[in-house]
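Student: Okay, handing you the structure first.
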Amino acid sequence: MSHPYADLSPDLVLDAVESLGFLSDARVLALNSYENRVYQVGIEGGEPLIAKFYRPGRWSDAAIREEHAFSLELAEHEVPVVAPLARDGETLFEHAGFRFALFPRRGGHAPEPGDLDQLYRFGQLLGRLHAIGASRPFVHRGSLDVQSFGHASLATLLDGAFIPQSLLPAYRSVARDLLGRIEALFAETPYTAIRLHGDCHPGNLMYRDECFHLVDLDDCRMGPAVQDLWMMLAGNRQERQAQLAELLDGYQEFHDFAPRELALIEALRSLRLLHHSAWLARRWDDPAFPKAFPWFAGERYWGDQILALREQLAALDEEPLKVFG
């Protein structure tokens, strides 16, 4: 069976963009994206556009439009996100069997790890985002929960021939132990699920001219607010505690944060590890993945994963970070 993107040629990309009334200058630059295909397309007499071609079968049309609506809602409230361009009220388009959207190009660089001043301002941005995200739920998009990110991920890995046989018993045992602990932790830590960015790591945060803006809401979904905070913390416990304080000082100017959610950080980190391995497994038939992630097929990767999951079991026993003041 041919791969879903096998027919996505540069000419097709240009034709899709020009089908919406833009005149390209025939320059197409493939950007670093694996889940979808993303291109910078030059426009005659104007700024280049970003064309994003959605992976067939991943999201429904309704779910993609809900992502776009969330971006536009944020932009309307002056939350700095990169929202899709609309034509006659529509943001999701189709050309030659591919669904796509166009975005303005925004430059910048990722924030400096651990920069406390930047973390304070990013906390302000996230507080504004979550204040809007909490106003109503998603209807067509999924939730970040133990079933979808944990059990479903493990099932994908165990059902396929991805884990070397020599390491399979150890991986299966530690993953199941970890999921049991995570289920218990989620059960004893109540939270209100809100609309999230969902994949809020430094690579999805652009900084330029003393301003931040968020990009790539492709993984937005319902979940605990702390999911959009914890990936911005780095270093040892003392460093992460100081970073959290700055982040929440800015955040709580615009939205209340429930400190009990801090107990979920290591559980969410664990789910991300499982989900990432399952994502690679689910996409292994895409020729771009073996080329970009050759280590996924080797024993060393799975040995490292077993060690990482064991470390997460230990991390779940540690005292969570705290909110002071």
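Student: How many residues does segment 302-325 contain that are of a type in the set (D, E), closer than 13 Å to L262 by Cα and either under 23 Å from the mean Cα position of the chain (by Cα) or open to solvent by less than 90 Å² (accessible area, probe 1.4 Å) (or both)?
Tutor: 0
Student: For residues that are at pLDDT 95 or above and basic (K, R), scanning just segment 174-223, find the one that is nearest to L125 (Cα to Cα).
Tutor: Result: R195.
Student: Continuing with this model, one more query. Kindly indicate whether any position in segment 114-122 is farther than 29 Å from R283 by Cα, in contact with a Lys or Arg (Cβ under 8 Å, 6 or more places away or on another chain) and open to solvent by 20 Å² or more (accessible area, probe 1.4 Å).
Tutor: Looking for residues that are farther than 29 Å from R283 by Cα, in contact with a Lys or Arg (Cβ under 8 Å, 6 or more places away or on another chain) and open to solvent by 20 Å² or more (accessible area, probe 1.4 Å), one finds none in segment 114-122, hence no.
Student: In the list V226, V139, which residue meets the criterion of being in contact (Cβ under 8 Å) with a residue 40 or more places away in the chain, among the β-branched types (V, I, T) and in a helix (DSSP H, G or I)?
Tutor: On inspection, the qualifying residue turns out to be V226.
Student: Can you name every residue in segment 45-93 that is hydrophobic (A, V, I, L, M, F, W, C), part of a loop (DSSP other than H, G, I, E, B) and either open to solvent by 10 Å² or more (accessible area, probe 1.4 Å) or within 22 Å of V17 (Cβ to Cβ) (or both)?
Tutor: Answer for segment 45-93, where residues must be hydrophobic (A, V, I, L, M, F, W, C), part of a loop (DSSP other than H, G, I, E, B) and either open to solvent by 10 Å² or more (accessible area, probe 1.4 Å) or within 22 Å of V17 (Cβ to Cβ) (or both): W59, V82, A83, L85, A86, L92.
Student: Answer with yes or no whether A30 is over 30 Å from M222 (Cβ atoms) and under 21 Å from the mean Cα position of the chain (by Cα).
Tutor: The answer is yes for A30.
Student: Identify the single condition in (1) charged (D, E, K, R); (2) surrounded by 12 or more Cβ atoms within 10 Å (Cβ to Cβ); (3) part of a helix (DSSP H, G or I) that D286 does not satisfy, given that it satisfies every other one.
Tutor: The failed condition is (3).
Student: Another question, if that's okay. Could you please tell me which pairs satisfy a Cβ distance under 7 Å, a separation of 6+ or placement on different chains, a first residue in segment 102-121 that is on the phi > 0 side of the Ramachandran plot and aromatic (F, W, Y), and a second residue that is in a loop (DSSP other than H, G, I, E, B) and open to solvent by 70 Å² or more (accessible area, probe 1.4 Å)?
Tutor: Note: no pairs meet the criteria.
Student: Within segment 9-44, which residues are of a type in the set (D, E, K, R) and assigned to a loop (DSSP other than H, G, I, E, B)?
Tutor: Correct list: E35, E44.
Student: Which of the residues spanning segment 287-310 are among the charged types (D, E, K, R) and under 17 Å from A161 (Cβ atoms)?
Tutor: Across segment 287-310, the qualifying residue is only E299.
Student: Would a scan of segment 244-258 turn up a residue that is under 20 Å from the mean Cα position of the chain (by Cα) and either under 29 Å from N32 (Cα atoms) or not in a helix (DSSP H, G or I) (or both)?
Tutor: Yes, segment 244-258 has at least one match.
Student: Looking at segment 20-49 only, could you name the residues that are over 15 Å from L8 (Cβ atoms) and of a type in the set (A, V, I, L, M)?
Tutor: Within segment 20-49, L20, L23, A26, I43, L49 qualify.
Student: Please identify the pairs in which a residue from segment 5-29 that is open to solvent by 70 Å² or more (accessible area, probe 1.4 Å) has its Cβ atom under 7 Å from the Cβ atom of a residue that is acidic (D, E) and not in a helix (DSSP H, G or I), counting only partners at least 6 apart or on another chain.
Tutor: That search, which allows pairs on different chains as well, returns L23/E44.
Student: If the Cβ limit is 8 Å and pairs must be 6+ apart or interchain, which residue in segment 151-175 that is among the aromatic types (F, W, Y) pairs with which residue that is open to solvent by 60 Å² or more (accessible area, probe 1.4 Å) and not in a helix (DSSP H, G or I)?
Tutor: Listed by first residue and then by second, the contacts come to F162/W284.
Student: Let me ask something else about it. As an exercise: evaluate G235 against (1) in a loop (DSSP other than H, G, I, E, B); (2) modelled with pLDDT of 95 or more and give the number of the one condition it does not meet.
Tutor: (2)
Student: Can you tell me which of (1) in a loop (DSSP other than H, G, I, E, B); (2) touching a residue at least 60 places away in the same chain (Cβ under 8 Å); (3) surrounded by 15 or more Cβ atoms within 10 Å (Cβ to Cβ) is the one D219 doesn't meet?
Tutor: (2)
The values are calculated or read from the model by the stated rules, or taken from the named source; none is laboratory data. Only a predicted model underlies this, so the values are computations on that prediction, with no experimental measurement involved. All Cβ positions, glycine included, derive from the backbone under ideal geometry; neighbour counts span all protein chains shown. Accessible surface areas use protein heavy atoms only, side chains included; no ligands, DNA or RNA. Shrake-Rupley method; radii C 1.70, N 1.55, O 1.52, S 1.80 Å.
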